[in-house]
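> Mind looking over this structure? Questions follow.
Please treat every number below as a calculation from the coordinates, not as lab data. The model shown is predicted, which means the values in this text are computed figures rather than measured ones. Note that each Cβ is placed from the backbone with ideal geometry, even for glycine, and that neighbours are counted across all protein chains shown.
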Amino acid sequence: MHTLAFNPPFHVRCSPKSPKCRGKTPCACSSNGGLQVNPLRVIGLIALIFLAAWGATGITLIAPFERGVVRRFGRVLKPLPPGPHWLLPWGIDRVDRVAVDRVRSTTIGLAREEDAITPRGLLVTGDHNLVQVEVAVQWRVDPAQVADFSQVADRAESILSQVIEGTLGEWAGERPIDPLLLEGKVRLATELLPRVQQRLDRLGMGILLTDARASALVPPDEVKGAFDLVARSEAGRQTLVTRAKQEADTRNRAAQSEAYRVGQEAQTRAENQKRLAQEDATRFLARLAAYQTSGSSPMYLRQVWEEERGRLFSKMRENNGIGLLDHQLSEKGLDLQLAPLGSKR
């Protein structure tokens, strides 16, 4: 059987005359009893504990909404995804945690009292007028470019403000002041964001813009009253133009409806006339054939005459062209061929 022995970093001190010191080296025993410490073993134990604690500093945990940027002796490594990671200890690797889901806001706006000497948000328009603007831009860190953002994280707000101000100046300089005041708030977000985003991408900022809103787009206070009057006049003019367009559209639709109705009536009447003409032609041909078959009988001609006269009188009665003549009847009857027409109503 093997016996395991453990040598502690210290030894029991004993008297040289003690039986325990017989056969021992002088280093292991001293003239007085007690404990004797082994410095090398103590230093080794302390160093081992220190190395274990130092190695534990390499354990890091990245939250689900974060990305970790590792710097090894100052050199940026591949970003860390969410979860636990074991890196090199403190002093070799440094981890910066960047929140990628946090939406931040940068405001470029009207001058406050403390910076009234050099006001921000004062722009020159294309027709050399001044306009004050206040814009709030929302942005967040692009997860795909978190390493780039970590390089400029301490000055990202300042750089972004300068880029927005420069782009706003160009945007305002391309337009006269009237359409800028009337439509600027609506068009600013759609026209400003792509420009700013393009410049940020060229700078490698790792910033992704999400929205931009203009809370103020007004002329300077010294001329604000005059511009408000012009704006009200322009709004009134636009109202009149809109109302005139609506009335024109209404009349146009009414005219189109009337034209369609007249066209349908004309088409129906033409079809009726064509049908009546075809019926008359068919009836005439039938009578002609019957007349030729009867051998040119005068009685047949009189029958045709009576039918046509009845049809004519019916049409005249419908048009109030004839009236009743009962009061002109005599013993011999009434000859309708000689009777006068009734007066039209």
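> Which net charge results for the neighbourhood of Ala255, defined as the other residues with beta-carbon distances under 12 angstrom from its beta-carbon, given Lys and Arg at +1 and Asp and Glu at -1?
Net charge around Ala255: +1.
> Enumerate the amide H contacts of Arg175 below 5 Å, restricted to partners 5 or more residues apart or on another chain; note that Pro and chain-start residues carry no placed amide H.
For Arg175, the qualifying residues are Gly126.
> For segment 73-81, take each phi angle, set θ = phi - 60°, evaluate the Karplus expression 6.51 cos²θ - 1.76 cosθ + 1.60, and give the result in whole Hz per residue in order, putting x for glycine and proline.
Along segment 73-81, the couplings run 6, x, 8, 7, 9, 5, x, 8, x Hz.
> For segment 152-251, state which GluC sites (Glu not before Pro) are in a DSSP loop and have at most 16 other beta carbons lying within 10 Å of their beta carbon.
Glu174
> Could you give each residue of segment 171-179 its phi-based ³J(HN,Hα) in whole Hz, using Karplus coefficients 6.51, -1.76, 1.60 with θ = phi - 60°, and x for Gly or Pro?
3J(HN,Hα) across segment 171-179, in whole Hz: 4, 6, x, 8, 9, x, 6, 4, x.
> Which whole-Hz couplings ³J(HN,Hα) result when phi for each residue of segment 271-278 is put into the Karplus expression 6.51 cos²θ - 1.76 cosθ + 1.60, θ = phi - 60°, listed in order with x for Gly and Pro?
5, 5, 4, 5, 5, 5, 5, 5
> Which length gain, in nm to one decimal place, applies between Glu191 and Gln264 when the Cα-Cα distance is subtracted from 0.36 nm times their residue separation?
21.2 nm
> How big is the equivalent ellipsoid of segment 216-271 along its three axes, where each semi-axis is √(5λ) from the Cα gyration tensor, reported in whole Å from largest to smallest?
They are 51, 8, 4 Å, listed from largest to smallest.
> Quick check: net charge around Gly126, other residues with Cβ under 12 Å of its Cβ, Lys/Arg +1 and Asp/Glu -1?
Local net charge: -3.
> Averaged over all directions, how much area does the convex hull of the C-alpha atoms of segment 236-309 cover when projected, in nm²?
Average of the hull's projected areas for segment 236-309 equals 6.6 nm².
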